[in-house]
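The values are calculated or read from the model by the stated rules, or taken from the named source; none is laboratory data. None of these values were measured; they are calculated from a predicted model. Note that each Cβ is placed from the backbone with ideal geometry, even for glycine, and that neighbours are counted across all protein chains shown. Note: accessible area is taken over every heavy atom of the protein model, side chains too, but ligands, DNA and RNA are not part of it. Shrake-Rupley method; radii C 1.70, N 1.55, O 1.52, S 1.80 Å.
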Amino acid sequence: MDTKRKGKTLYCKVCHKKTKHHSETDRKEKPTLLANYGNLSFNSHILFSWHTEELFRRNKMKLPRWLWFEVTDKCNSRCQICNIWRKKPIPENDLLGFTRFFDILQSPLFKNVEYIINSGGEPTLVQDLRWVLMAEATALPKATLQLSSNGILAEKLLDIVKHYLALNRKLDVGLSLDGIGYNHDVYRGAKGNFEKVDWLLKELKALNNPLLNISVGSTLTEYTVKHSKALCEYAKKMDVFFMWHWFNKSAFYGNKEVPTQQHEWFQDAVLSVMSPSLYRDMWLKTLKTGKIPKFKCYALMSFCVLKCNGDIVPCLNLWNESIGNVKDADPLTIWNSAKAKDTRGRIAYCEGCLNNWAVNWSLRSYPFKYPLYLWKAKQILKEKLKLED
């Protein structure tokens with residue numbers, strides 16, 4: 001029997017319960033169960049135990065696996081539902097700077113980071129953006145980088161993408177698209193924005209580089225839902241992935257005074273774009289009940305946000321909840337501080353959100369811990385199989 005001692009009681013290493021539960025043969029078969037949705041109801045505790053044991057063995061849950069980086073707080077869009085562009089920019093002297101940023105990324109805190117979202121503000125407004133990506137690629141060679149942009153500075157962005165791809169590294173590029181032609185320009189408050197995005201998409205596709213993944217996204221609002229069909233058709237025509245973003249009201253966007261977005265077409269828009277998943281299920285439930293489903297958020301556990309001034313915060317919702325500044329203290333020391341521990345405790349009482357990366361990173365941290373996952377897994381698989389047929 002493969003067991004370990006906890007006090008005076010022997011526990012099985014497979015399910016962490018008392019002995020006479022699982023043999024060594026069961027343990028060897030566990031990885032194959034991960035893809036066996038049909039057996040989830042019978043083997044859920046085995047799956048969960050194996051998954052958690054593997055994560056802790058690799059030290060993945062003690063340090064962040066994902067990072068959202070605010071390259072700059074400046075923005076050249078004038079969006080109707082976001083007030084980032086109205087905020088007073090952080091003084092240049094208070095910013096991280098390229099050299100300091102590179103040193104920070106080499107901290108043991110970030111050694112397990114596998115994905116970095118570079119956002120803002122608008123990242124292309126930063127003169128050293130090329131070197132920001134180089135710093136990330138050098139300090140974290142195993143991480144995949146993502147670059148979010150409004151596409152206004154299209155030529156600069158294209159040049160940066162080409163330069164990065166020359167390193168033979170994967171790069172994800174996400175562009176904002178809230179309508180077609182004039183409709184996009186009006187909503188974004190930037191004349192000629194759609195024309196630049198359209199040109200940029202064509203140029204990026206022309207690169208024909210398998211290391212480049214391109215997507216377009218729009219925040220689902222009363223305005224954009226009216227252009228849902230046109231947006232989907234355009235994305236299909238350009239052969240790029242299209243996604244909806246949930247409308248979040250937070251200190252990050254400075255939009256708490258903006259009315260909550262509601263429209264009878266929201267559900268149809270979600271169903272027409274999003275594939276069957278737990279995340280889509282959460283959207284549909286929220287649209288039906290008006291309340292975001294409660295889930296275990298892993299902010300400041302498996303992911304975090306690094307602001308352009310050096311503050312480490314949990315997420316966009318808790319934008320002002322800094323646990324420390326990397327310019328003043330070692331990142332790992334900040335991560336393990338009493339303030340960080342206290343903030344993690346408060347995250348449990350957060351009202352929640354449906355932010356794409358925050359929710360999906362949380363679900364990926366402990367997917368088998370959620371009863372909802374076990375209940376919905378078979379249904380989701382059946383829906384996917386129907387779609388494939």
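A few comments on the model shown:
- Each of ALA338 and ARG78 was given a label point 7 Å from its Cα along the Cα-to-Cβ line. The distance between the two points is 4.9 nm.
- Residues whose amide H comes within less than 5 Å of that of THR144, counting only those at least five positions distant or on another chain, are TYR115, ILE116 (H built at 1.01 Å from N in the peptide plane).
- The residues of the stretch 212-283 present an accessible area of 49 Å² per residue when probed at 1.4 Å with all protein chains retained.
- Residue by residue, the stretch 202-207 carries 3J(HN,Hα) couplings of 5, 5, 5, 5, 5, 5 Hz when phi is fed to the Karplus relation 6.51 cos²θ - 1.76 cosθ + 1.60 (θ = phi - 60°); x denotes Gly or Pro.
- Relative to the current alpha-carbon distance between LYS237 and LYS294, full extension at 0.36 nm per residue lengthens the span by 16.8 nm.
- Loop sites in the stretch 205-293: GluC sites (Glu not before Pro), DSSP, at most 10 other Cβ within 10 Å: GLU257, GLU264
- In terms of its alpha-carbon gyration tensor, the stretch 130-248 comes out prolate; a/c meets the 1.5 threshold, and the first ratio a/b outweighs b/c.
- 3J(HN,Hα) along the stretch 78-95, derived from phi through the Karplus expression 6.51 cos²θ - 1.76 cosθ + 1.60 where θ = phi - 60°, amounts to 10, 5, 6, 10, 9, 10, 4, 5, 7, 6, 6, x, 5, x, 3, 5, 9, 7 Hz, with x in place of Gly and Pro.
- Around CYS79: net Lys/Arg minus Asp/Glu count, Cβ-Cβ under 9 Å: +1
- Those residues of the stretch 117-153 whose amide nitrogen sits under 18 Å from the label point placed on ARG100, 7 Å along Cα→Cβ: 126-129, 131-133, 135-136
- Over all other residues within a Cβ to Cβ distance under 11 Å of LEU332, the charged ones net out to +1, with Lys and Arg as +1 and Asp and Glu as -1.
- Difference of contour (0.36 nm per residue) and Cα-Cα distance, LEU271 to LYS226: 14.7 nm
- Scalar couplings 3J(HN,Hα) for the stretch 164-177, obtained by applying the Karplus form with A = 6.51, B = -1.76, C = 1.60 to θ = phi - 60°, are 6, 5, 5, 7, 6, 10, 5, 8, 9, 10, x, 10, 7, 8 Hz; x denotes Gly and Pro.
- Given their separation in residues at 0.36 nm each and the Cα-Cα distance between them, HIS163 and TYR279 gain 38.3 nm when the chain is fully extended.
- Under 5 Å from the amide H of PHE252 lie the amide H atoms of TRP319, each residue being 5 or more positions distant or on a separate chain, with H modelled from the backbone and absent for Pro and chain starts.
- Averaged over its residues, the stretch 77-205 has an accessible area of 46 Å² per residue, based on protein heavy atoms and a 1.4 Å probe.
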